[in-house]
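What follows is a short report on a single structure.
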Amino acid sequence: MMSFWLWLVGGLQGAFGHWGAIDGSRIWVITNHKAASRAIIASSYLFVCSFAVTVGPVSWTYPAEIFPVRVRSKGVALSTAYRTYFIFAAFNAGAALHVFFMFPETKGRTLEEIEEVFSVGHVFSAGNIGANVGRKSLQDVIAPKGLHDKEETMQFENARKV
């Protein structure tokens, strides 16, 4: 989703924008194209809406951490230039594919079950790990801990439901 909005913003800026000057500063501007300007604003808002609910923040914090201090400001500025919207969009699309095909589902699993899922296969086969790998029944979890008392079992079941 983020990728789409970025491609749209970058494409509109590239198609309708040009170098201009405002208050003596050379900047990228869009003039005489109200519809393109509004579309860029709307796409930017929609990008922000999809940004926080995905892995978006990682892509912006990482450049600030990888550059040495002496070139950090220039490196981060370069990574936010308008043409790099396309690069960012491509990496977001690649990340979405990577997550979809390479990350096993962890929803509804305990940390112990997730640990077993990741110990089963190589990273490139994670998408092929079956849904039952690492799943444990209540009896499998209770037995090793020595919770054989009926009252303790009920407490454990109630805590697991919450």
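Before we move on, is residue 131 at pLDDT below 70, within 29 Å of residue 1 (Cα to Cα) and assigned to a loop (DSSP other than H, G, I, E, B)?
yes
Looking at (1) farther than 24 Å from residue 13 by Cβ; (2) in a helix (DSSP H, G or I); (3) out of contact with any helix residue (DSSP H, G or I) (no Cβ under 9 Å at 6 or more places or on another chain), which is the only condition residue 38 fails?
So the condition that residue 38 fails would be (1).
I'd like to verify a number: residues in segment 54-91 that are part of a helix (DSSP H, G or I), of a type outside the set (A, V, I, L, M, F, W, C) and under 18 Å from residue 14 (Cβ atoms), how many?
Keep residues of segment 54-91 that are part of a helix (DSSP H, G or I), which gives 56-66, 69-79, 84-91.
If we keep only those that are of a type outside the set (A, V, I, L, M, F, W, C) as well, we get 56-57, 59, 61-63, 65, 70, 72-75, 79, 84-85.
Subset that is under 18 Å from residue 14 (Cβ atoms): 79, 84-85.
Qualifying residue count, segment 54-91: 3.
Only one residue in 60, 28 is touching a residue at least 24 places away in the same chain (Cβ under 8 Å) and either closer than 30 Å to residue 133 by Cα or loosely packed, with under 15 Cβ neighbours inside 10 Å (or both). Which one?
28 is the lone residue from the list that is touching a residue at least 24 places away in the same chain (Cβ under 8 Å) and either closer than 30 Å to residue 133 by Cα or loosely packed, with under 15 Cβ neighbours inside 10 Å (or both).
The values are calculated or read from the model by the stated rules, or taken from the named source; none is laboratory data. If you're wondering where the values come from, they're calculated on a predicted model, not measured in any experiment. A quick note on method: Cβ atoms are made from the backbone with ideal geometry, for glycine too, and the neighbour counts reach across all protein chains shown.
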